[in-house]
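Here is the structure we will look at.
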Amino acid sequence: METTMTHRVSRTRFLRAASLVLTLSFAGCAPPGAHRTTLSVIPNPLSAKVSEGPAFDASLPLRITYSDGDSAAAAAGRVLSDLIGNTRATMPHVEPANPDSTSRSIAFRRAAKDQTIGSEGYRIAVSESTITVDAAGPAGFFYAVQTLRQLMPPLVEHEAAYVKPLPIPQVTIDDRPTFEWRGLMLDVARHFLPATDVKRFIDLMALYKMNRLHLHLSDDQGWRIEIPSRPRLTEHGSQSQVGGKGGGFYTVSEYEDIVRYAADRFIVVVPEIDMPGHTNSALASYPELNCDGQKRELYEGTNVGFSSVCPSKEETFVFIDDVIGDIAAMTPGPYFHVGGDEVQTLTESEYIQFIERVQRIVERHGKRLVGWDEVSFANLDSGSRVQLWRPLWPASGDDAALDSSRAAAAAALKRRVERSAANGVEFILSPADRIYLDMKYHSSTVIGLSWAGISNVRTSYDWNPDDIFGQIPRKAIAGVEGTLWSESFATVHDFEYMAFPRLAGVAELGWSDPERRDWPSYRGRLSKHAARWQALGVNYYRSPLVDWDD
Ligand code: IFG
């Protein structure tokens, strides 16, 4: 997409110029450790103890070490080395540890098995002369690096800059996530987002320890992934998007490249093919999927609910089996999202039969079903996941606060949720009035929608899953996911604007202990991230609710 390429070239040129200035100007600053340290790490770590005393200056000669043979620790060490330096001469060496000399080293060590650190947890201890990083697995090491990254000044994010001094405050951090699912959904169907821009979001998710990338790959307005057994889906069904011609799709190799890029950053890709509704792009590509056998025209509007594959034709399930089989073959992650939302043309029993049959197809291809909350009408198998999105759960927990139809719908949904939870179904929380990131920040926000309400930076952050979803046992909550539906915006610039600052809040909602986070603390930490986003070239909304410190 022309805009992105122009934007990217100018940003690199800007960074090169700026980094020269910044390195010179920064060199004159106060020596490390001369100021009171308050941490601005997001997500908020489980525990962090700052001790006074000179900071560890990462711009002085140092070695990054790992236990011999621990390739995951070595890989994490290389990520950190690449962050600290910007040339071979300034990037710290990464080498096997030498127990006889630990001074001026950042040592990545495997935690003892008995430490309840968890697969994504880590422990960091910083003194003036050494840093130790303990983790039980690859993800823990990687997340420790993201924390060390945020302990360093935002200037470290400048790709070409070499920052001197580079203070890391003396701190001991013990950390691990509350929830397993910390997700972002990109709607690449309403407006297509090229693979380079998807990778951009993967990079930004990694900074905040997010680990699930849900790609909404098909909808009425376009089909976005090559299906070798069904070529017309991309030959024809990908040629449209909201507002007119354009569109596009990921080839198998581009999709596999996205999956690999995400996996290298401990992010699992969750592909979604929305069905039975939101299927006009497929109905326009394969006429037999329509009950009347008549192919549909490509659609470029923004209505929902009008389309459905024909639930009573065998061809429909042959098609679904082809699609799920092809995508499962290129998706190492365990999840397949079948959508299931906003179906207005099927009876309840047709819908239930359809979802239960699709669930069997998903499982036959070795995946676990994920679906929007309507799929809870069906009997779901243990291990399936339901993504709660409609704001039917009154914040107050008081049904009377809802109008009668919503109260009835909320009561019905709660009954279905309780029944599903009893069957071992888990839940992903995406309350539209909170973390649908396509909701406007303010009535004056030019892009975005407002059907679920206005969701400013505080609204989006300042809620507790137990308050709204208290009916769900904590162990049945897999986690949270922010969604970027793209009816009303098209460029990566716009996607970033709607995602930041609020995505940082979603990350904290998923990672941090609800008892260890609150708006005043988060607001203060968030204020330090504008400088980091500027260094990264993120197009963010400068919310007036935050006292930005940049
Ligand atoms: N609801 C629809 C989306 C999108 C969204 C925009 C779901 C599950 C409104 N379905 O959210 O396709 O149109 O905010």
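The values are calculated or read from the model by the stated rules, or taken from the named source; none is laboratory data. Here the structure is a predicted model, which means the values were calculated and not measured. Neighbour counts are summed over all protein chains in view; Cβ atoms, including those assigned to glycine, are modelled from backbone coordinates with ideal geometry.
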What number of residues in the range 84-101 are within 18 Å of His158 (Cβ to Cβ) and in contact with a helix residue (DSSP H, G or I) (Cβ under 6 Å, 6 or more places away or on another chain)? 2
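Scanning the range 427-441 for residues that are outside any loop (DSSP other than H, G, I, E, B) and surrounded by fewer than 22 Cβ atoms within 10 Å (Cβ to Cβ), which turns out nearest to the ligand (Cβ to nearest atom)? Spell out the reasoning first.
Taking the range 427-441 first, the residues outside any loop (DSSP other than H, G, I, E, B) are 427-429, 432-436, 439.
Going one step further and asking which of them are surrounded by fewer than 22 Cβ atoms within 10 Å (Cβ to Cβ), we end up with 432-433.
On the way: Ala432: 6, Asp433: 11 Å.
Checked the range 427-441; the qualifying residue nearest to the ligand (Cβ to nearest atom) is Ala432.
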First in the range 487-509 and more than 20 Å from Leu526 (Cα to Cα), second anywhere and within 16 Å of the ligand (Cβ to nearest atom) and not in a loop (DSSP other than H, G, I, E, B), Cβ under 7 Å, 6 or more apart: Glu487/Leu449; Ser488/Leu449; Phe489/Phe495; Phe489/Met498
Enumeration of residues in the range 243-273 that are within 16 Å of the ligand (Cβ to nearest atom) and crowded, with 24+ Cβ neighbours inside 10 Å: Val270, Pro271, Glu272, Ile273
Only one of (1) more than 13 Å from the ligand (Cβ to nearest atom); (2) touching a residue at least 12 places away in the same chain (Cβ under 8 Å); (3) of a type in the set (A, V, I, L, M) does not apply to Val318, and that is (2)
What residue, of Ser455, Ser444, is of a type in the set (S, T, N, Q) and either away from the ligand (no atom under 16 Å from the Cβ) or free of Cβ contacts under 8 Å to residues at least 24 places away in the same chain (or both)? Ser444
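Can you confirm whether Ala408 is surrounded by fewer than 20 Cβ atoms within 10 Å (Cβ to Cβ), without any contact (Cβ under 8 Å) to a residue 12 or more places away in the chain, under 22 Å from Arg368 (Cα atoms) and away from the ligand (no atom under 16 Å from the Cβ)? So that I can check it myself, show each step before the final result.
On the way: surrounded by fewer than 20 Cβ atoms within 10 Å (Cβ to Cβ): yes; without any contact (Cβ under 8 Å) to a residue 12 or more places away in the chain: yes; under 22 Å from Arg368 (Cα atoms): no; away from the ligand (no atom under 16 Å from the Cβ): yes.
It is false that Ala408 is surrounded by fewer than 20 Cβ atoms within 10 Å (Cβ to Cβ), without any contact (Cβ under 8 Å) to a residue 12 or more places away in the chain, under 22 Å from Arg368 (Cα atoms) and away from the ligand (no atom under 16 Å from the Cβ).
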Among the numbered conditions (1) touching a residue at least 60 places away in the same chain (Cβ under 8 Å); (2) not in a strand (DSSP E or B), tell me where Ala112 comes up short. (1)
Taking Trp533 and the conditions (1) in contact (Cβ under 8 Å) with a residue 60 or more places away in the chain; (2) crowded, with 21+ Cβ neighbours inside 10 Å; (3) in a helix (DSSP H, G or I); (4) away from the ligand (no atom under 15 Å from the Cβ), which numbered condition does it fall short on, given that it satisfies the others? (1)
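Consider Arg190 carefully, then state whether it is within 16 Å of the ligand (Cβ to nearest atom) and either at pLDDT below 95 or not in a helix (DSSP H, G or I) (or both).
In short, yes.
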What's the total number of residues in the range 473-519 that are over 11 Å from the mean Cα position of the chain (by Cα), among the aliphatic types (A, V, I, L, M), within 16 Å of the ligand (Cβ to nearest atom) and not in a loop (DSSP other than H, G, I, E, B)? 1
Determine whether the range 120-137 contains at least one residue that is crowded, with 20+ Cβ neighbours inside 10 Å and at pLDDT below 95. yes
Only one of these conditions is not met by Ile202: (1) at pLDDT 95 or above; (2) in a loop (DSSP other than H, G, I, E, B); (3) more than 16 Å from the ligand (Cβ to nearest atom). Which number is it? (2)
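Taking the stated definitions as given, is Arg78 part of a loop (DSSP other than H, G, I, E, B), basic (Lys, Arg) and out of contact with any His (no Cβ under 8 Å at 6 or more places or on another chain)? Explain how you work it out, then say what you get.
Working: part of a loop (DSSP other than H, G, I, E, B): no; basic (Lys, Arg): yes; out of contact with any His (no Cβ under 8 Å at 6 or more places or on another chain): yes.
When the stated conditions are applied, Arg78 does not pass them.
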